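The values are calculated or read from the model by the stated rules, or taken from the named source; none is laboratory data. Not measured: the values here are computed from a predicted model. Note that we place each Cβ from the backbone using ideal geometry, even for glycine, and neighbour counts take in every protein chain shown.
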Amino acid sequence: MSTYTLLTLQTHIRRILALNLPEPLWLRAEVFQVSESRGHLFMELAEKGDAANELAAQASAVLWERNYRQLRARYGKALDALLAAGVEIRIKARVDYHERYGLKLVVEDVDPDFTLGQLELRRRQTLEMLQREGLLERNAALPLPAAVQRIAVVSAETAAGYHDFHNQLLANPYGYAFSLRLFPAAVQGAAALVEIPRQLRAIGRQAHRFDAVVIIRGGGSRIDLAAFDELELCRAAAECPLPVLAGIGHETDETLLDRVAWQALKTPTAVAEWLLTRSLRCDAALADTALQLQQHTQRHLRLRSQELDRAHLGLRSLSRFALRRQAAHLDRIGADWPRWARRQLKTAARELDHLARLEQLLSLDSQLNRGFALVIHQGRIVKNWQDLPSDTLLELRTAAGSVAVKRVGE
């Protein structure tokens, strides 16, 4: 059996690959890791197996500086989102094998349409899942205060959109007071899928401190916003116990976060404008209510004042009428008083004459003159002579005079 040196084997493999794969190939894979060094972009590509988190295949790839600059000039900032960790891509690559460094894929081109297509397919699957779980309208059913003042903000601390939102609210020309608390999180790539749900759960544990949650970022391409179409992020937003307001910087496309949020707006500044407009409407409604209350109070006071005026006039008329009636009554009494007094005097005189005659008729002398007699014992009239003992000396008084008698026993 022949023995080969390692270099001979490696050279043989390189020649075989060069002969069989002379032209670049279009490959489909997922970006596993990515790093930039000296203008070159180095990536680890992978293909997942059937089991969760199982890698069926893995290879290194490089985008040399020259091609990197050409692709960036063609795709702009979208290239960074295309070649980010966790993104499934379709690349045109040349298979390169080096005796010392092994197999490497040299990237020459990227197909953004493939990535967008994969994202759209996954987006539709996620939308169906959210619909089945009843999460599309869940957050929108939460009550939102008329004036939102205490706001939990989920954003990257250095994001320009966050600072625009912060400055526009706190320096608003109306003098409205807002309390903002930042919960920092990545707003792009695989890190956003972990950090944003974690921060939403942290906010939910202290929901009593806030009126609403605002998720903002400073804009980006459709691929940049891919994280906001992921199931776990959208589920965390839908299940948040506070209303979620989204302003993630897109101008045309709608993300699934927009679908599950209480309110979705295009940009962070649009969210700030919406909050200010809501405060203005609340202010106007309060002013209108105050005006209506003032008008109602004034109308009520006018009605009560009119009622008092009518009552006052009525009392004056009633008083004058009562006084006139009493005066007429007194006049009648004054006119009738002499006649009444004369009648009373005549009646009293007749009664006195009657009493005088009665007194005369019932007097002691009149009774004695009529034949009656008084029995007197020791100066007192005897009413029951049987109570006196026998042989008691009595005085018998008649109209003719008095005579002494003695009671004789039976």
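So that you can scan it fast, the table gives a plain yes or no per residue for (1) assigned by TED's automatic domain parsing to the domain that holds L82; (2) over 25 Å from A160 (Cβ atoms); (3) assigned to a helix (DSSP H, G or I); (4) modelled with pLDDT under 90:
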site	(1), (2), (3), (4)
L200	no, no, yes, no
I215	no, no, no, no
A227	no, no, yes, yes
L257	no, no, yes, no
A287	no, yes, yes, yes
R304	no, yes, yes, yes
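If you check R28, R90, which single one turns out to be surrounded by fewer than 16 Cβ atoms within 10 Å (Cβ to Cβ) and modelled with pLDDT of 80 or more?
R28
So N172 ticks every box in (1) in a helix (DSSP H, G or I); (2) over 20 Å from V260 (Cα atoms); (3) of a type in the set (S, T, N, Q) but one. Which box is left unticked?
Answer for N172: the failing condition is (1).
I'd like the full set of residues that are surrounded by fewer than 19 Cβ atoms within 10 Å (Cβ to Cβ) and in a loop (DSSP other than H, G, I, E, B), limited to the range 145-169.
If the condition is that a residue be surrounded by fewer than 19 Cβ atoms within 10 Å (Cβ to Cβ) and in a loop (DSSP other than H, G, I, E, B), then P145, A146, A147, Q149, E157, T158 are the ones that fit.
If I filter the range 108-126 down to residues being modelled with pLDDT of 80 or more and crowded, with 18+ Cβ neighbours inside 10 Å, which single residue comes out as nearest to A227 (Cα to Cα)?
Step by step, filter the range 108-126, then rank; the result is T126.
Which pairs do you get when a residue that is assigned by TED's automatic domain parsing to the domain that holds E395, found in the range 368-381, comes within reach of a residue that is of a type in the set (F, W, Y), reach meaning Cβ atoms under 8 angstrom, with the pair 6+ apart or on two chains?
V375/W385
Confirm whether A328 is under 30 Å from P143 (Cβ atoms) and modelled with pLDDT under 85.
For A328, the condition - under 30 Å from P143 (Cβ atoms) and modelled with pLDDT under 85 - is not met.
Can you find even one residue in the range 95-104 that is in a strand (DSSP E or B), among the aliphatic types (A, V, I, L, M), on the phi < 0 side of the Ramachandran plot and not assigned by TED's automatic domain parsing to the domain that holds I196?
Yes, that holds for at least one residue.
Write out, first by first residue and then by second, each pair whose Cβ atoms fall under 6 Å of each other, whose residues are 6+ apart or on separate chains, and whose first residue, in the range 132-148, is more than 14 Å from A238 (Cα to Cα) while the second is surrounded by 17 or more Cβ atoms within 10 Å (Cβ to Cβ).
L144/P243; P145/D211; A147/S279; V148/D211; V148/A212; V148/L275
With the structure loaded, tell me whether V244 is surrounded by 21 or more Cβ atoms within 10 Å (Cβ to Cβ) and within 23 Å of the chain's Cα centre (by Cα) or whether it fails that test.
So V244 fits the description; yes.
Run down R310, R325, R339, R278 and say which single residue is assigned to a helix (DSSP H, G or I) and surrounded by fewer than 10 Cβ atoms within 10 Å (Cβ to Cβ).
R339 is the lone residue from the list that is assigned to a helix (DSSP H, G or I) and surrounded by fewer than 10 Cβ atoms within 10 Å (Cβ to Cβ).
What are the residue pairs meeting all of these: first residue in the range 186-203, first residue surrounded by 21 or more Cβ atoms within 10 Å (Cβ to Cβ), second residue basic (K, R) and not in a loop (DSSP other than H, G, I, E, B), Cβ atoms under 8 Å, and 6 or more apart or on different chains?
Sorted first by the residue in the range 186-203, then by its partner, the pairs are P197/R235.
Kindly establish whether Q292 is closer than 30 Å to F178 by Cβ, modelled with pLDDT of 85 or more, of a type in the set (S, T, N, Q) and surrounded by 10 or more Cβ atoms within 10 Å (Cβ to Cβ).
yes
Determine, yes or no, whether E128 is in contact with a helix residue (DSSP H, G or I) (Cβ under 6 Å, 6 or more places away or on another chain) and acidic (D, E).
no
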